[in-house]
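Remarks on the structure that follows.
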Amino acid sequence: MLPSGPLPSLDPPFRGYIETTFDALLVFEAARRGMIPRVTRRLIERERGMVQSGAVFVFDEHESGIKRWTDGLIWSPSRILGNFLVYRETDKKNGNPPTPISTHPSSSPSDLPMGIPHQIPQYGESSALHRPQSSGDGGSLDRQKERQLVGSLTNSYKFKDRGLVKKTMSVTVNGFAQHMISYYTVEDVLAGKLRSPSTIPELAALEISPEYLHKANFRFPPMVEIGPDGIPRYR
């Protein structure tokens, strides 16, 4: 006899906040090593519940066959934020058509059937880092932080109240594009509910593979040092 009641919720491959280029590279590297499962197919309907604040997905176009990431949500046009693209979830009552997210993470309606193992490490809210704020200028600090989270997407569209932000980055490795898609709410990041990969010791200690460090992958290339062995390393 089949069990009754709602199906158990699924967890995303990684939970956290991708704040910097280094954070994104750590996630790419962890996925390359199998520490974080990569998406290998499109999400099916039931798996779309993983698209939530703190969810991070990585996929290789060649491996997964995914040419356009879709998540079922409606997004604003993208804006450049350093080496990332950012989007904000818009109010569906607006009637705006969904913006598809192409190989260079654009926006997305949601489908991504993939074989993600569900026994995955959780780096999340229970070990949140709480950022202190000064009592005198907390409001202005929050506004400044918000700009760092959403870029220029502040009041140009009818954004969904407490809606998601999508932050994406793409790199080319051995001729194939790899993509990192992350989601968060401004409120969760300001409240310190999501941990960045660079604050997790087992991830922060990873050495970034040289193939991720090619300057062509970045609008603002990171600092790279060539070691005595001739191998470039992230600085």
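The values are calculated or read from the model by the stated rules, or taken from the named source; none is laboratory data. Bear in mind the structure is a predicted one, so any value in this text is a computation, not a measurement. Backbone-built Cβ (ideal geometry, glycine too); neighbour counts: all protein chains shown. Accessible surface is based on the protein model in full, side chains and every heavy atom, while ligands, DNA and RNA are left aside. Shrake-Rupley method; radii C 1.70, N 1.55, O 1.52, S 1.80 Å.
Here is how the numbers come out for the structure above:
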quantity: First in region 217-229 and in contact (Cβ under 8 Å) with a residue 12 or more places away in the chain, second anywhere and in a strand (DSSP E or B) and open to solvent by 100 Å² or more (accessible area, probe 1.4 Å), Cβ under 8 Å, 6 or more apart; calculated: R219/I80
quantity: Qualifying strands (runs of 3 or more DSSP E) (wholly inside region 25-96; at least 1 residues being open to solvent by 20 Å² or more (accessible area, probe 1.4 Å)); calculated: 70-72, 79-81, 84-88
quantity: Count of residues meeting criterion [within 15 Å of the chain's Cα centre (by Cα) and at pLDDT below 90] in region 71-101; calculated: 1
quantity: Residue pairs meeting the criteria (Cβ under 6 Å; at least 6 apart or on separate chains; first over 21 Å from D161 (Cβ atoms), in region 177-196; second of a type in the set (A, V, I, L, M, F, W, C) and buried (at least 23 other Cβ atoms within 10 Å of the Cβ)); calculated: H179/F59; M180/A24; M180/V27; M180/V58; M180/M169; I181/F57; I181/W69
